[in-house]
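Structure first, then comments.
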Amino acid sequence: MAEAFDTTLLPIGSVYRTQVGREATEPMREDIRLLGTILGDTVREQNGEEVFDLIERARVESFRVRRSEIDRAELAGLFGGIDVHQAIPVIRAFTHFALLANVAEDIHRERRRAVHVAAGEPPQDSSLAATYRKLDSAALDAAAVADALTGALVSPVITAHPTETRRRTVFDTQHRITELMRLRLHGQTRTADDRDIEVELRRHILTLWQTALVRLSRLKISDEIETGLRYYPAAFFEVIPQVNAQVRSELQSRWPDAGLLEVPILRPGSWIGGDRDGNPNVTPEIVRLATGRAAYTALGHYFTEITALEEELSLSVRLVRVSPELTALADACTEPARADEPYRRALRVIHGRLTATAAEILDEQPEQVLDLGLTAYRTPAELLADLDTVDASLRGHGSAVLADDRLGRLREAVRVFGFHLCGLDMRQNSETHEQVVAELLAWAGVHPDYASLPEAERVELLAAEVATRRPLIGEGAQLSELARKELGIVAAAARAVKVLGPEAVPNYIISMCQSVSDLLEAAVLLKEAGLLDVSTGYCPVGIVPLFETIDDLQRGSTILEDALDLPVYREIVTARDQQQEVMLGYSDSNKDGGYLAANWALYRAELDLVESARKTGIRLRLFHGRGGTVGRGGGPSYDAILAQPPGAVKGSLRITEQGEVIAAKYAEPRIAHRNLETLLAATLESTLLDVEGLGDEAGPAYAVLDDLAARAQRAYAELVHDTPGFVDYFKASTPVSEIGALNIGSRPTSRKPTTSIADLRAIPWVLAWSQSRVMLPGWYGTGTAFEEWIAEGDGRLEVLQDLYQRWPFFATVLSNMAQVLAKSDMGLAARYSELVDDEDLRARVFDKIVAEHERTIRMHRLITGQDDLLADNPALARSVFNRFPYLEPLNHLQVELLRRYRSGDTDELVQRGILLTMSGLATALRNSG
């Protein structure tokens, strides 16, 4: 299947214009040739020559389309009327090729980094080594650094917003292929156990081919929980403690008296099992399962490491001295066989106490428990203290090299993972809070119709309730199913906090937060569960407003300031060390107002929130609800963080990680290390350095973007919100209706059972446009805004060109937009538009899309001066060039099968084929949802 990589490389834009570029990428093409050949051989052996010949013909014809040798209609004709039994292996073949191409690209990135290092080049931007150089050059004051990094936190939050379609078996097999290709990267032909690498590759690719790609039943939340947890043994347990220790060491060596990072800066989070916004499947039992399985995973890791340490630390008192504290710890273990091995006995004690802890806090006991009848650890700090005793004794008696190995990693792991592993955020929509609180107030006799009250009266009533210790309800209260469920969920969170510690459930997020009363309603629910007591300053769970629409983003700072003007809410924030987190919604703001308007509304909201924090004296932490695709805030993390306004990061950053992007970033240690390092590097630079670059000219630049954003929003609204029949066009020309049948997640595609764009979740909105290769959420409206603005005055183009050169925000907006435009394909989009039966509607909408697409590319070229959309992203340029012809058959087959399915073809294979094409395209595009 990979012979096409031998063809003469023809330019797409200006990709690979030089022989140097070709030589640099030849090893990657060689890897793809190898993997493609093995896949082709596997298909031929398993499915016969006829199927292989069809796949090969589709491949050849796809490349002829790219070279403009044939019309797309000819390729589409290849699949017209195809037997679905033949279509399925074709879809699977091109899907597997996309997956294998991902492996080759990841390996190539490692190869190129190694080349840069070997050449003695300076460390690359987005690496911590480059960041340290920048910090050294800045001559920063220790006191200022200490203040900026107070409460520092970088938290990737794994969410169950799935466009990730891979099953665990596929995930594991891909990982093994990656390891084998990494061995080849280092010139090896055999594995450590003397197996031939190419034979092993053939074995694993055969396993892939014989494994079903999509599930027959819908994914359950319990499945999503396990999927999220798999990244810990796969990468996080190894990488996160290592990175935390390294960053702390580097910063403390530069500012030794500043007390930096006493708490680990890198601490992961999760939404899986706690995010019930629009997901009726989240229940109290699910919250207990999510927090319990996380704790099980953490303690299971500790048991494994402690058991290994017992084997390793065989030091005898006949040969070494130990500290009195170590002796005292070891004396709780009286096993005669270890009488002269104090470290082993000390670790047996730790093992025994941790066993007692597991018995108390876990619903399921891990392997390797050791019941010695000892008392349980009450907190992770107690466990860490015993490990510190072992560490101090080793270091104090000439064995620091032993302390720095497994024991050092375990101590770091306990510091970051505790007994809880990761913080589980709770999230619910403000409308649900309103319903439940209204019911509680009515039951308690406080007010019969809370929902009818104006905002001011709501705030007054709620503030009084939050201030009192009296609960609204007691046992036996007759409540609706919704109210009982919501209270049960918050009670389950309270149990997790009590059993696992306050880090287990750090935040309560309010979706569609539009008022102060929305904040106070959440406070009432927390109080009912015992998670909030203003009178004693007890508030382990932070209340986090999520501003999502453009209007809410514009009013966010006002809502926050009004809340802080209330004494009771100020007391809540004070109880949390003056820390207030605010979440910003990238997805719904984009769906609401389009790409440029949403990006600018987010930037403006951050500026306003930073100013509000300064005025009110709070410490602001921003939580960025980014998706994988640019239409949902995606794009390179390093550039995105540096593009934040001044003061918006300040040592703290939380960011959602979603869909297939999670596996792309964190599936194995080396890649995870690189991506986590990127988050930290950008956070440190944004916190400690001036990266905006506008200085005193910020005001005029902001005014330009105010104007551009308003124009872009009008152009976007004219199509999406004001064009008659647009929703019908969207539903017919994309597979959005079929996405709900794809068994990749537990969440419905809409918050409510309506056909409104506003109620549709952003994930299917973006995913559907990605599948049809329009990518509309990542660019529409921007071209019109630029064209109109430039035309209204001399010198305006030069203004935008200057901003592009000097302002990271503007450059990042254009760069991310260019990535989306490069992945879009109006020729393929036209094929999807043919699914719209109404010819007038088809022409009316699609013609607008095509015209705006051309306009946006033209404007990008004018402002950036670059003919090539991917001039600043050579890695994506390689990907686009190498793999996109292999997407052609998937798109054509998806259109063919959608047409049959909608015409009433009930063959189960037709629907399965549609789902497989979705999986393949999501895998190939990598950030599609």
What value does the range 418-459 have for Rg/Rh, both radii from Cα atoms and Rh as Kirkwood defines it? 1.23
Under the definition of Cα pairs under 8 Å and six or more residues apart, what whole-number percent is the relative contact order of the range 286-417? 26
Using a simple spin-label model with points 7 Å from Cα along the Cα→Cβ vector, what separation in nm is obtained for GLU382 and GLU798? 7.2
Once amide hydrogens are built 1.01 Å from N within the peptide plane, the residues lying 5 or more places from GLY542 or on another chain with amide H under 5 Å from its amide H are ASN507, TYR508
Based only on other Cβ atoms within 10 Å, what is the fewest-to-most ordering of HIS853, HIS433? HIS853, HIS433
Please turn the phi angles of the range 99-110 into ³J(HN,Hα) values with the Karplus equation 6.51 cos²θ - 1.76 cosθ + 1.60 (θ = phi - 60°), one per residue in order, whole Hz, x for glycine and proline. 5, 5, 5, 4, 4, 4, 5, 5, 5, 5, 4, 4
Rounded to two decimals, what ratio of Rg to Rh does the range 348-446 give with C-alpha atoms and a Kirkwood Rh? 1.26
The value for the chain (convex hull of the alpha-carbon atoms, volume per residue, Å³) is 186
Please report THR782, THR307, THR211, THR432 as a ranked list, fewest other C-beta atoms within 10 angstrom at the top and most at the bottom. THR211, THR307, THR432, THR782
With θ set to phi - 60° and the Karplus curve 6.51 cos²θ - 1.76 cosθ + 1.60, what are the ³J(HN,Hα) couplings of the range 401-407 in order, to the nearest whole Hz, using x for Gly and Pro? 5, 6, 5, 6, 8, 4, 4
Quick one: dipole size for the chain, taken about the Cα centre, charges +1 on Lys/Arg Cβ and -1 on Asp/Glu Cβ, in debye to the nearest 20. 1460
From the backbone phi of the range 832-841, what are the Karplus-calculated ³J(HN,Hα) couplings (6.51 cos²θ - 1.76 cosθ + 1.60, θ = phi - 60°) in whole Hz, Gly and Pro given as x? 5, 4, 5, 6, 7, 5, 6, 5, 5, 4
With only Lys, Arg, Asp and Glu charged, each at its Cβ (+1 for the first two, -1 for the last two), find how big the charge dipole of the range 334-439 is about the Cα centre; round to the nearest 20 debye. 600
Bridge orientation stat for the chain from DSSP, antiparallel percent rounded to 5, came to 10
Full-extension gain in nm, GLU49 to SER68, via 0.36 nm per residue minus C-alpha separation: 4.0 nm
I need to check one value: relative contact order of the chain, counting alpha carbon pairs closer than 8 Å and at least 6 residues apart, in percent. 17
Extend 7 Å from the Cα of ASP577 along its Cα-to-C-beta direction; within the range 594-628, residues with backbone N under 19 Å of that point are 613-614, 617-623
Counting sequence-distant residues (5 or more places) and residues on other chains, those with an amide H built under 5 Å from that of ILE655 are SER155, VAL157, HIS624
With contacts defined as alpha carbon pairs under 8 Å and 6 or more residues apart, what's the relative contact order of the range 696-872 in percent? 28
Taking CYS539, CYS422, CYS513 and counting other C-beta atoms within 10 Å, the order from fewest to most: CYS539, CYS513, CYS422
Per the Kirkwood definition applied to all pairs of different Cα atoms, how many angstroms is the hydrodynamic radius of the range 696-872? 17.5
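The numbers here are math on the coordinates, done by the rules we state, and not lab data. Owing to the predicted nature of the structure, the values given are computational and were not obtained by experimental measurement. Every residue, glycine among them, receives a Cβ derived from its backbone with ideal geometry; neighbour counts consider all protein chains shown.
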